[in-house]
Amino acid sequence: MSIAIETVTGAALLPHVPALSRLRAEVFAEWPYLYDADPAEEAKYMAHYADDPRAAIVLAKDGGEVVGAASAQPMASTHPEVRAAFLEAGLDPGEWCYFGESVLRAPWRGQGVGVRFFEAREAHARALGFAKACFCAVIRNANDPRKPAGYAPLDAFWRRRGYLHQPTLTCLFRWREHGDSFETPHLLSFWTKSLA
Ligand SMILES: CC(C)(COP(=O)(O)OP(=O)(O)OC[C@H]1O[C@@H](n2cnc3c(N)ncnc32)[C@H](O)[C@@H]1OP(=O)(O)O)[C@@H](O)C(=O)NCCC(=O)NCCS
């Protein structure tokens, strides 16, 4: 496989912000997110990782082109919605490393990059001293007519990486879906893993 995996932190990730913003917009436009990204907001969001010295972006590069990325960051410095969900469940956000997104352009899938994203993010979390990692994923109705035929959910992939689904640990994020004129709330549930 010619895909190179590289973990970048701080100012080193700033040159990648335009590519990362385009990548997130492209991948999250697909089912199940259907996200209609605002380029300026995307750039601002990706750049916030550079401001957090404990955040990391794992890049997948093919011939120098960024084709995928995954993020890891202490939960303490991520979305307030995430922290609120954990606090409400009686969990301490300070104990968790949060994996914000994992996006790979479709032609590069199925070659082990997603597995390497988890390995690199868990290594980063352990290096920061975390014994717990988590991420969240949108919940969709199984009968949603927008679901593409043959779509394979990632649940089994995540279980095989050792993550446990926590269906009652949820948070709401608002975003505009393609074709909509305003943002709507979307429910996401968490997946957790002990790194000990
Ligand atoms: C999530 C995502 C990054 C996974 O990427 P991926 O590179 O296709 O995943 P992988 O190829 O690593 O793993 C898929 C399967 O192929 C296997 N595989 C294929 N070739 C492999 C190789 N060379 N080395 C290791 N595993 C390989 C993996 O083991 C895995 O199977 P398993 O679960 O039975 O072990 C990708 O599906 C994606 O971008 N999805 C859309 C965005 C999204 O929903 N992200 C998650 C929420 S943020």
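Table: residues versus (1) of a type in the set (S, T, N, Q); (2) closer than 26 Å to Gly10 by Cα; (3) modelled with pLDDT under 95.
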position: Pro107; (1), (2), (3): no, no, no
position: Gly110; (1), (2), (3): no, no, no
position: Phe117; (1), (2), (3): no, yes, no
position: Ala133; (1), (2), (3): no, yes, no
position: Ala137; (1), (2), (3): no, yes, no
position: Ala142; (1), (2), (3): no, no, yes
position: Arg146; (1), (2), (3): no, no, no
position: Leu154; (1), (2), (3): no, no, no
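Taking the criterion of being small (Gly, Ala, Ser), in a loop (DSSP other than H, G, I, E, B) and more than 19 Å from Val27 (Cβ to Cβ), the residues of region 150-181 that qualify are Gly162, Ser181. Pairs meeting the criteria (first residue in region 25-47 and closer than 17 Å to Pro185 by Cα, second residue in a helix (DSSP H, G or I) and among the acidic types (Asp, Glu), beta carbons under 9 Å, at least 6 apart or on different chains) are Ala37/Glu26.
Take the conditions surrounded by fewer than 16 Cβ atoms within 10 Å (Cβ to Cβ), outside any loop (DSSP other than H, G, I, E, B) and at pLDDT 95 or above and apply them to Leu187. Does it pass? Yes.
Test Ser71 against the criterion of being in contact with a Phe, Trp or Tyr (Cβ under 9 Å, 6 or more places away or on another chain) and buried (at least 22 other Cβ atoms within 10 Å of the Cβ), and give yes or no. Yes. In a loop (DSSP other than H, G, I, E, B) and out of contact with any helix residue (DSSP H, G or I) (no Cβ under 6 Å at 6 or more places or on another chain), is that true of Arg22? It is false that Arg22 is in a loop (DSSP other than H, G, I, E, B) and out of contact with any helix residue (DSSP H, G or I) (no Cβ under 6 Å at 6 or more places or on another chain). Going through region 25-56 one residue at a time, which ones are part of a strand (DSSP E or B) and either within 23 Å of Arg116 (Cα to Cα) or aliphatic (A, V, I, L, M) (or both)? Listed by number, the list holds a single entry, Ala56. Restricting attention to region 6-19, the residues that are touching a helix residue (DSSP H, G or I) at 6+ places or on another chain (Cβ under 7 Å) and hydroxyl-bearing (Ser, Thr, Tyr) add up to 1. Within region 92-118, residues that are under 19 Å from Tyr45 (Cα atoms) and near the ligand (Cβ under 8 Å from one of its atoms) have Cβ atoms under 6 Å from residues that are of a type in the set (A, V, I, L, M) and assigned to a helix (DSSP H, G or I) in these pairs: Val103/Leu23; Val103/Val27; Leu104/Val113, counting only partners at least 6 apart in sequence or on another chain.
Restricting region 128-143 to residues that are without any contact (Cβ under 8 Å) to a residue 24 or more places away in the chain and more than 15 Å from Gly94 (Cα to Cα), the residue that is farthest from the ligand (Cβ to nearest atom) is Asn143.
The residues of region 138-196 that are at positive phi and under 17 Å from the mean Cα position of the chain (by Cα) amount to a single one, Gly162.
The values are calculated or read from the model by the stated rules, or taken from the named source; none is laboratory data. Note that the coordinates shown come from a computational prediction; the quantities given were computed from them, not determined experimentally. All Cβ positions, glycine included, derive from the backbone under ideal geometry; neighbour counts span all protein chains shown.
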